[in-house]
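The values are calculated or read from the model by the stated rules, or taken from the named source; none is laboratory data. What you see is a predicted model; the values in this text were computed from it and never measured. As a convention, Cβ positions derive from the backbone with ideal geometry for all residues, glycine included, and neighbour counts pool all protein chains shown.
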Amino acid sequence: MGFFKNLFGTSEPKTEADQKNDTEKMFNIFHDDGVRAKNMGELKFAEQCFTKALEIRDDAPTRSYLVEVLILLQQYDEAVPQLQHLLDAAPDNLEVALLLASTYGRTKNYESEQALADKIREQHPSEPRALYFASEAAHGLGQDFQAIAFLTQALQQEEHYPAALLLRAQILASMGQYNEVLADAEALLALDNENEEYLLLHADALQGTGRDTEAEESYLKVREMNPFSMEAMEKLGAFYALHHQLDKALALYDEAIELQPDNAVAYKLRGAVKLQLNDKLGAEDDLKKSLELQPESAKELDGEYSNIENKMEQRYRAQNPFQF
């Protein structure tokens, strides 16, 4: 009888246990393939594998892997329901709650971030990260004084908290409180004196407090560290233009364009300098080149692009590239 089964392929119907084993095998295949793909940097394939595995059965570790992949892919909207599922299954998991609060912030869902941060603070009054997310939400909702209060509390609980120092400094800078910004920037540089973002913040604070020579040196330091830093180029160029050193600003943008010929922002800023130097044709050419490289930036102008030549000067002045 066994001979005929082998010959004609007949077999007994699978038992429930066999079907369960097959299902578990498929789950393991998808899970393991997803882990391998994640470790190899094949994030989209990893996402597909983990999603397939979770269609077979729920599994917290697999869902956690999926969340990790979605965040690496910056697919924050997709990560939110996965994190909420994990938190519903383990309401006391502090790290999941904090990650969900952070992800709410990344999606600019500040109301949900605020509500969750408040809940975490009730459960964990001494958790500085909960205060940080409460401040991020408050800032996003335009409640800057409340945000600063939360950040100050967070820093009282954890003195060396870079994210809290940075956000407080950024909010204070938006208020023009550069003496306070300078103190936070110096605290950040004490933690990492080669961090570009901290150095630029420090330079901004120096400029805001009237220490222009030191500010220029700080901007130049970042440029030396990273000649491709767009933010350093923009800030240093704005510094030169503000101080009527248009030749330096022009040389800076020439260098930036030589290093990055497809840099639309550099063309726009160079055009603004040329306009101030009464080189209207050169400014027009740079504006055209900027729009060719970055057509979507045209939306930032006045909405009428059929006569760039005639309206070029008004647009440059209206968009105020140096933020005067």
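Observations, loosely collected:
- Candidate set from region 45-73 (those that are acidic (D, E) and surrounded by 15 or more Cβ atoms within 10 Å (Cβ to Cβ)); member that is nearest to the chain's Cα centre (by Cα): E68
- Hey, D285 modelled with pLDDT of 90 or more, farther than 20 Å from Q207 by Cβ and over 28 Å from the mean Cα position of the chain (by Cα) or not: yes
- Condition met for Q84 (at pLDDT 95 or above and closer than 30 Å to F133 by Cβ): yes
- Number of residues in region 57-71 that are of a type outside the set (D, E, K, R) and farther than 14 Å from G34 by Cα equals 2.
Residue by residue, here is whether (1) under 28 Å from the mean Cα position of the chain (by Cα); (2) free of Cβ contacts under 8 Å to residues at least 60 places away in the same chain; (3) within 21 Å of L291 (Cα to Cα); (4) surrounded by 15 or more Cβ atoms within 10 Å (Cβ to Cβ) holds:
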{"position": "A205", "(1), (2), (3), (4)": "yes, yes, no, yes"}
{"position": "M230", "(1), (2), (3), (4)": "yes, yes, yes, no"}
{"position": "Y253", "(1), (2), (3), (4)": "yes, yes, yes, yes"}
{"position": "D262", "(1), (2), (3), (4)": "yes, yes, yes, no"}
{"position": "V273", "(1), (2), (3), (4)": "no, yes, yes, yes"}
